[in-house]
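Here the structure is laid out as structure tokens; the discussion comes afterwards.
The values are calculated or read from the model by the stated rules, or taken from the named source; none is laboratory data. What you are looking at is a predicted structure, and each value in this text was computed from that prediction instead of being measured. Every residue, glycine as well, gets a Cβ built from its backbone with ideal geometry; the counts of neighbours run over all protein chains shown. Please note that ligands, DNA and RNA were not included when accessible areas were found on the heavy atoms of the full protein model with its side chains. Shrake-Rupley method; radii C 1.70, N 1.55, O 1.52, S 1.80 Å.
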Amino acid sequence: MTETDELGRGGRLRGGAAGELVAAAYAAESAHGPRLARGLSLADLAHAVALVEGGDLAGDDAGSLLRGLLELHAIPGDEFPWDPSLGDAFNAREAELERRVGQAAAGWLSAGRPRREAFRVALRLTARTGARELHDALVDQAAALARHARVTSTVLATDYTYLQPAQPTTVGHLLLAYAYPALRDADRAGASHAALGASVAGAGGSAGSRWSLDRARLAELLGGEGLIEHAKDAAWQIDVYLELLATLAIAATHQSQLGQDFEIYASREFGLVELADAHSRASALMPQKKNPYALAAIRTQAGQAAGDVTGALVAVHTGSARTDHFHLLNGTVPRALDEAVAIARLTASVLEGIELRPERFAQIARESFVTAADVADVLALTGQLDYRSAHKVVGRAVRDLVDAGEPPSQLTPHRLAEAAEAAIGRPVELDEGTLRDALDPASCVAARRQAGSSSEAAMAEMLDGIDATLAEHASWSETARESEANAETALLARTSELAGA
């Protein structure tokens, strides 16, 4: 066993940390540093300001500490000297601070709080920013889908269930089926953003602190909205991160479903859509291929996101207030958010650049038996049959046409009557004009007038509603972004003011 020095082992422990501990644990914790760097810095700045404003820290040490923290804040996270031999990322920051301002000033950084509080604050700030960025990318997906849907709101298409042509619809209506889940995912990301706004700063160990730390003031300095009131709950709360990871997994699943569908739609056999070259990849062996590579990346992240939320749930199956929880969450949450945001942005970009093939959509709708349910509806509405009997008659008629290798257009009143004889033992009567109208996919689309249907009026109402929702989301995001930026600007200004004083 080899030993290395670790800052912060204090007087309680003899010697340095085992090299194996550094390699297995401290290295993993230090690796979280770049993603948590901004949050750790803001946490330290706010804590130091609160110590000074509370009257517990003054004089040269106060000025030196604040100036040193401002210097650290200016160092990009990926350029900071994260040294695992010192312990975790907090210890690395403390060591660099001590190198710059001396032990006397740097030693105040831990007054009134454990190192975990800096991580708790940093993780919430990092996750909150990520939740907003995810929200924005999901909204961009819905916006891209809505733009395509408005152009194709009356273009004939068929819906698919079990990958089988199901009912006549429009291309625009198909596309909106992906927009609404994206907007729900954006709502969930916004809810996580709000939950993460409750401040945990100033909670002390787990039962409060005797230092003059104003928790409401700390929340204000960090741009928080309210407090996690109970000190121990503030120090160890995990459910907000489980909810966030679940949100990532749900959004990733929706994107994966879209990716699955669009890869099939982009196949030569379907020929309904084509990805932009910028989102595709050439085969290294087969020169004719244009692989929809972006969709594979989208689907892969869904598996990772599901694993992340599962791993987090397993890790927290311990008693309360355990290091295990945040040993995992400090790394998983920022990394998972980075991946989720990147993939959500990719999905939005794919949707923006997708090429739709309206002629092919319409061709499949007219060649498939997608109006069979409408024929059964019309037959039942004549009052001759109950709907289940009508369904049975039309099913038999379709079977006869398929067996004969004939298209839907070859269904005549006479053949329908023959199918009824075979299916229910008596004929039915439907005039030619009524049957032709029921067999026409475009007429069927227009006949669906309920809210949310594929009719022109229903589509216009949905598109107008989505436009209004998108505007609300954009306004919320801008307000959240400005609030975050203003809080950081104000914190840096107050730190500079006190450092100068």
Kindly report the accessible area of the chain per residue (heavy atoms of protein chains, probe 1.4 Å, no ligands, DNA or RNA), in Å².
46
For the chain, size of Cβ-based charge dipole, Lys and Arg +1, Asp and Glu -1, in debye:
800
Dipole size in debye (nearest 20) for the stretch 392-469 around its Cα centre, Lys and Arg Cβ +1, Asp and Glu Cβ -1?
340
Please compute the modelled spin-label separation between Glu421 and Ala177, points set 7 Å along Cα→Cβ, answer in nm with one decimal.
3.8
Treating the beta-carbon of each Lys and Arg as +1 and of each Asp and Glu as -1, no other charges, what is the dipole magnitude of the stretch 85-172 about its Cα centre, to the nearest 20 debye?
320
The local net charge around Ser267, scoring Lys/Arg +1 and Asp/Glu -1 for residues other than Ser267 whose Cβ lies under 13 Å from its Cβ, equals +1
Keeping all protein chains in position, work out how much accessible area Arg100 exposes to a 1.4 Å probe, and write it in Å² to the nearest 10.
90
At what distance in nm do the modelled label points of Thr412 and Leu381 sit from each other, each positioned 7 Å from its Cα along Cα→Cβ?
2.5
In straight Cα distance, which aspartates and glutamates are under 20 Å from Lys290, not counting same-chain residues fewer than 8 positions off?
Asp261, Glu263, Glu269, Glu274, Asp277, Glu352, Glu355
Quick check: Cα centre of the stretch 235-313 to Cα centre of the stretch 49-69, how many Å?
48
Keeping all protein chains in the complex and leaving out DNA, RNA and ligands, what accessible area do you get for Ile75 with a 1.4 Å probe, in Å² to the nearest 10?
40
I need the GluC sites (Glu not before Pro) found in the stretch 394-501, filtered to DSSP loop residues with at most 12 other beta carbons within 10 Å of theirs.
Glu429
Please turn the phi angles of the stretch 69-86 into ³J(HN,Hα) values with the Karplus equation 6.51 cos²θ - 1.76 cosθ + 1.60 (θ = phi - 60°), one per residue in order, whole Hz, x for glycine and proline.
5, 5, 5, 5, 4, 7, 8, x, x, 7, 10, 6, x, 6, 10, x, 5, 8
Accessible area, probe 1.4 Å, largest first, for residues Met459, Met286:
Met286, Met459
In the chain the accessible area split gives carbon plus sulfur, as whole percent at 1.4 Å, a share of 52
Using 20 Å as the cut-off for backbone N distance, which residues of the stretch 246-262 belong to the label zone defined by a point 7 Å from the Cα of Lys290 along Cα→Cβ?
259-262
To the nearest 10 Å², what's Tyr178's accessible area with a 1.4 Å probe?
40
